[in-house]
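Report on the following structure.
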Amino acid sequence: MKTRRAATRIETRTWWLFVACALVPVAAFALLGFVVVSGELQRLAQERLDAAAKGYGLVILDRLQQIDGDLTQRAQLHLQTAEPEPPASITTDRAVFRVLDISRTASAASRNPHINKTLHTIRRGDATAAVVEVSVRNPQGSIRMQAEVMPDYLWNDEAVLLPGATPCVLTEEAALSCADDNNVPAHATSDELTSEWTLFLNASYGAPAWRIRVQQPRSDALGALNAFRWMLPATAMLAVTLALLFGSIFIRRSHAPLHLLTQAARRIARRDFSQPVVCESRDEYGRLTRTFNRMAGNLQNQFALQTGFARIDEIILSRAGAAEAIDSLLPQMPHMLGCNVAGVLLMESSGRIHVRLATQTGERRDDTLEVSAELMMRQGMRRLTRDAAPALFALAGIANGDLVLCAITVAGVIRGHVAASDERFGRAATQGLLGIAQRLAVAIGNDDAQQALWRQAHLDPLTGLANRLLLQRRITQAIDDARADNSHGAVIFLDLDRFKSVNDSLGHSSGDVLLRRIAERLTTHAPRNATVARFGGDEFVILLPHADEREAKEDAQRILESLADPCMLDEIHYVTHASAGIALFPHHGTDADALLKHADIALYRAKSAGRGTARLFDASMSEDIAVRLQLEQQLRDALRNGEIRAHFQPKVDASGAMVAAEALARWQDSRGAFISPALFIPVAEDTGLVTVLGESMVIQACRQLRQWRSIGLTIQHVAVNISMLQLRDPAFAPFIERTLALFGLPGDSLELEVTESLFAQDGQEAVEQLRRLARGGVRIAIDDFGTGFSSMSRLREFPITTLKIDQSFVRDLSDKARMLLKALIDVGHALHLEVVAEGVETAEQRDTLRTLGCGLMQGFLFTPALPAEEATRLLVAASVRPVSLQEAG
């Protein structure tokens with residue numbers, strides 16, 4: 001059964017407006033009509049009543065005139081008759097009057113006839129009669145006739161002809177005649193209509209006027225008005241009802257398209273575009289319906305487009321990736337763009353094009369095609385013809401038409417295209433194609449950014465290997481997998497031997513090149529399932545899942561051998577050696593931190609064993625590390641407590657005079673035991689404590705030099721060894737300047753000893769600090785000259801004052817060694833530098849150096865490094881009597 005639809009609000013408003021427009025005029029016109037018609041009917045009723053009163057009066061007058069005429073005639077006849085008739089004998093055809101008296105008078109006759117009429121009334125019981133008296137005088141004589149008009153004739157009200165009307169004849173004194181009652185009120189009641197007409201009798205009868213009053217009940221007089229009173233509302237209501245009925249039908253039918261449009265709008269709000277609005281009318285509703293259907297079609301396309309855009313945006317925001325965005329978007333693209341075929345063309349690294357297409361019917365096509373790179377590298381939107389890419393058109397199944405392409409550009413680089421067949425391809429589709437391309441560009445850019453972030457977070461930027469974070473995660477996963485399948489694995493901790501010398505001698509750029517070469521070799525020679533990571537600096541870790549002890553050792557040895565192959569660094573064949581520590585899981589640790597710690601301990605043992613070897617961790621190695629950690633803590637305490645003191649080793653010139661000294665760090669702990677510098681200096685360098693240690697040595701050296709000079713000792717300068725870590729500190733040069741100023745010493749009172757590798761690296765900041773100090777007079781010495789990779793041409797560019805020849809050249813006195821030693825001394829002299837030989841322990845060495853022209857020497861032959869007090873006593877004694885070289889020997 002078809003249900004009646006509810007009226008729309010506009011129908012209801014229109015209906016009520018129609019009701020108002022129908023009722024108000026009808027009511028107004030009905031009221032106005034009622035007022036007008038009522039007034040008119042009352043006027044007509046009053047006019048009828050007035051006419052009845054006048055007519056009644058005229059009838060009475062006519063009757064009186066008939067009677068007085070008859071009497072006049074009879075009177076004239078009586079004058080002509082000798083014997084007059086008696087009154088009783090005078091009769092009429094009707095009983096209209098009764099002659100009361102006839103009398104002749106003796107008055108003289110008149111030649112001109114004269115008639116005199118009078119009228120008066122007499123009372124006979126309850127009735128009033130009119131008496132007409134006629135006097136006639138003519139040549140025959142004079143006669144008077146008096147007749148009583150019969151009341152039934154005179155007051156007969158048949159002439160009134162109004163239903164229910166009551167006529168009355170009134171004088172000023174009394175009522176002459178009334179149909180109902182002689183006691184007539186002076187005024188009519190509210191239930192009656194009254195009309196009066198005055199019958200003037202004075203001219204004809206010399207009598208006072210009569211008032212003719214006619215009274216009629218309002219119900220009789222206004223009967224038509226009473227009928228009109230109920231007929232008018234009934235008729236108006238019937239008219240309004242019919243108007244509302246037909247108006248409602250008309251409104252409902254005329255607004256039916258509006259109801260359809262409302263329902264369609266609600267469906268569109270629910271994104272239901274399945275039912276277009278059907279309206280065959282040719283009026284505005286018809287045009288509105290057609291416009292609405294076109295709008296709905298556009299909205300459907302826009303909703304499909306925006307839904308696809310929203311899906312891509314959601315995927316972009318969720319960081320799911322471009323692949324998921326394309327998978328989600330591809331089936332919707334033909335509907336979004338209003339075409340038969342649409343898809344995405346992505347460029348692969350191989351230069352081929354990966355084509356993914358979808359059709360309106362839901363068919364998917366996926367393939368990788370060879371398409372001209374030049375053709376696919378054009379920016380913006382363009383049309384592609386079949387001749388340009390027949391394979392692409394064949395895959396798309398397009399027989400007629402072209403493809404519209406829009407480039408997907410990421411950071412200025414074309415990564416692919418969005419494609420669509422050109423059927424019904426309008427402005428909206430163009431915007432959709434651009435929107436899809438832009439969003440896919442964002443998704444691909446996000447993929448690139450995610451990959452870049454992943455690489456940044458998990459890969460070493462220099463070598464491209466896994467970093468510490470990724471390594472720890474993979475070690476944890478490998479341990480979990482080994483625990484799950486009851487297997488094992490290994491970690492190889494690898495460190496390059498003397499890598500610091502490469503940075504110091506050839507510079508950090510060469511060191512970076514070496515690290516990349518090492519990374520390539522490790523990746524090449526490590527097992528396929530291994531993870532190679534750069535742990536930091538020159539440290540590398542190789543994770544070997546499922547490897548046992550034998551396999552781990554074999555892999556470690558093979559890797560170490562591969563690293564020993566020479567590589568070119570700044571046109572130098574550099575041979576890399578490394579040491580490795582091996583730890584097995586789960587035997588040596590069940591978590592990443594413990595495993596790496598034990599592999600590092602094994603590495604430390606390998607380095608201690610002579611470098612270039614691999615060691616497997618065992619529990620005893622932890623004890624050595626504990627000793628080293630204890631030494632580090634003791635070093636911190638010693639620096640804080642001032643236990644590390646400067647000992648001074650004098651420098652002797654060719655005459656045997658002690659002219660300078662070198663401050664060397666010596667550590668005597670709280671128990672009085674001396675700790676070798678070979679033990680605590682490497683710890684200080686590894687932990688960064690060498691900066692604090694170096695500053696302490698500079699302060700002690702300057703303080704001691706001021707003390708010596710205060711007692712008259714002519715010590716030219718004191719030398720202090722400086723590490724590269726100190727020189728990289730921008731505050732180093734200002735510290736030296738403040739210290740010299742604090743003790744009131746000139747710049748040349750202090751000599752800073754640095755390794756020659758400083759001048760071969762790119763440490764420009766350190767060199768600038770030395771130049772600044774040299775400008776202030778501070779002496780700069782190259783320590784261990786001849787053992788590094790310094791370039792002779794570069795030595796001239798720096799403010800060097802002294803060359804210190806390493807003791808390894810002094811100990812060997814063979815012919816070739818002598819020639820090399822002489823060459824080193826000659827280089828110093830050629831550069832106008834002071835030459836100091838260190839490590840002089842025998843008289844033969846002393847004599848050889850003196851023969852070769854070495855200016856200053858130091859070593860155990862003269863004196864070891866002495867505490868400040870002993871060095872002072874020695875210097876004081878030497879100043880009293882200089883020690884000759886022969887005596888020193």
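Of the strands (runs of 3 or more DSSP E) lying entirely inside the range 317-381, the ones with 1 or more residues being under 19 Å from VAL413 (Cα atoms) are found at 341-347, 353-359.
Only one entry in SER655, SER670, SER620 is closer than 30 Å to ARG473 by Cα and over 60 Å from the mean Cα position of the chain (by Cα), namely SER620.
Name the residues in the range 333-352 that are open to solvent by 50 Å² or more (accessible area, probe 1.4 Å), of a type outside the set (A, V, I, L, M) and at pLDDT 80 or above, would you?
ASN340, GLU348, ARG352
ALA594 meets each of the listed conditions (1) open to solvent by 50 Å² or more (accessible area, probe 1.4 Å); (2) part of a helix (DSSP H, G or I); (3) out of contact with any helix residue (DSSP H, G or I) (no Cβ under 8 Å at 6 or more places or on another chain) apart from (1). Looking across the range 361-372, the residues that are open to solvent by 60 Å² or more (accessible area, probe 1.4 Å) and in contact with a strand residue (DSSP E or B) (Cβ under 8 Å, 6 or more places away or on another chain) come down to ARG364, ASP366, ASP367, GLU370. All of LEU470, LEU453, LEU433 fail the test of being assigned to a helix (DSSP H, G or I), open to solvent by 70 Å² or more (accessible area, probe 1.4 Å) and among the hydrophobic types (A, V, I, L, M, F, W, C), apart from LEU453.
ASP600 - would you say it is assigned to a loop (DSSP other than H, G, I, E, B) and closer than 25 Å to PRO461 by Cα?
no
Within the range 528-581, the set of residues being over 54 Å from the mean Cα position of the chain (by Cα), in a strand (DSSP E or B) and at pLDDT below 85 comprises CYS567, MET568, ILE572, HIS573, TYR574. Whenever a residue of the range 400-415 is among the acidic types (Asp, Glu), its partners that are outside any loop (DSSP other than H, G, I, E, B), lying with C-beta atoms within less than 8 angstrom and at least six residues away or across chains, give the pairs ASP402/ARG383; ASP402/LEU384; ASP402/SER421.
Only one of the listed residues (GLN726, GLN769, GLN700, GLN704) is surrounded by 15 or more Cβ atoms within 10 Å (Cβ to Cβ) and within 23 Å of ASP653 (Cβ to Cβ). That residue is GLN704.
Do you know which of the residues in the range 77-128 that are under 19 Å from TYR205 (Cβ atoms) and in a loop (DSSP other than H, G, I, E, B) is modelled with the highest pLDDT? The residue in question is VAL96. For first residues located in the range 198-219 and at positive phi, partners that are β-branched (Val, Ile, Thr) and lie 6+ apart or on another chain with Cβ distances below 6 Å form the pairs GLY206/THR118. Annotation note: Cβ proximity below 8 Å between a residue of the range 307-330 that is free of Cβ contacts under 8 Å to residues at least 24 places away in the same chain and a residue that is open to solvent by 50 Å² or more (accessible area, probe 1.4 Å) (sequence gap 6+ or interchain) occurs for ARG311/GLN332; SER328/ARG311. Within the range 225-241, none of the residues are in contact with a strand residue (DSSP E or B) (Cβ under 9 Å, 6 or more places away or on another chain) and either touching a residue at least 40 places away in the same chain (Cβ under 8 Å) or open to solvent by 60 Å² or more (accessible area, probe 1.4 Å) (or both). Of the candidates THR291, THR307, THR262, the single residue that is open to solvent by less than 80 Å² (accessible area, probe 1.4 Å), in a helix (DSSP H, G or I), among the polar types (S, T, N, Q) and at pLDDT 75 or above is THR291. Only one of the numbered conditions (1) assigned to a helix (DSSP H, G or I); (2) within 30 Å of GLY416 (Cβ to Cβ); (3) touching a helix residue (DSSP H, G or I) at 6+ places or on another chain (Cβ under 9 Å) is violated by PRO461, and that is (1). Pairs linking a residue in the range 832-853 that is in a strand (DSSP E or B) to a residue that is open to solvent by less than 50 Å² (accessible area, probe 1.4 Å) and charged (D, E, K, R), with Cβ atoms under 6 Å and 6 or more positions apart or on different chains, are VAL836/LYS804; GLU838/LYS804. For the range 846-860, a residue qualifies if it is under 30 Å from GLU643 (Cβ atoms) and open to solvent by less than 30 Å² (accessible area, probe 1.4 Å), and the qualifying residues are GLN858, GLY859. Note on the range 636-749: enclosed helices (runs of 4 or more DSSP H) holding 1 or more residues that are without any contact (Cβ under 8 Å) to a residue 40 or more places away in the chain, more than 18 Å from GLN769 (Cα to Cα) and out of contact with any Ser or Thr (no Cβ under 7 Å at 6 or more places or on another chain) are 677-687, 690-710. Look at (1) without any contact (Cβ under 8 Å) to a residue 40 or more places away in the chain; (2) out of contact with any helix residue (DSSP H, G or I) (no Cβ under 6 Å at 6 or more places or on another chain); (3) open to solvent by less than 20 Å² (accessible area, probe 1.4 Å) and you find that THR524 fails only one, number (3). Criterion applied to ALA203, ALA209 was being surrounded by 14 or more Cβ atoms within 10 Å (Cβ to Cβ) and at pLDDT 80 or above, and the one residue passing it is ALA209.
The values are calculated or read from the model by the stated rules, or taken from the named source; none is laboratory data. On a predicted model such as this, the values are computed, not experimentally measured, just so you know. Note: ideal-geometry Cβ built from the backbone for every residue, glycine included; neighbour counts use all protein chains shown. Quick note on the areas: whole protein, heavy atoms, side chains included, nothing else; ligands and nucleic acids left out. Shrake-Rupley method; radii C 1.70, N 1.55, O 1.52, S 1.80 Å.
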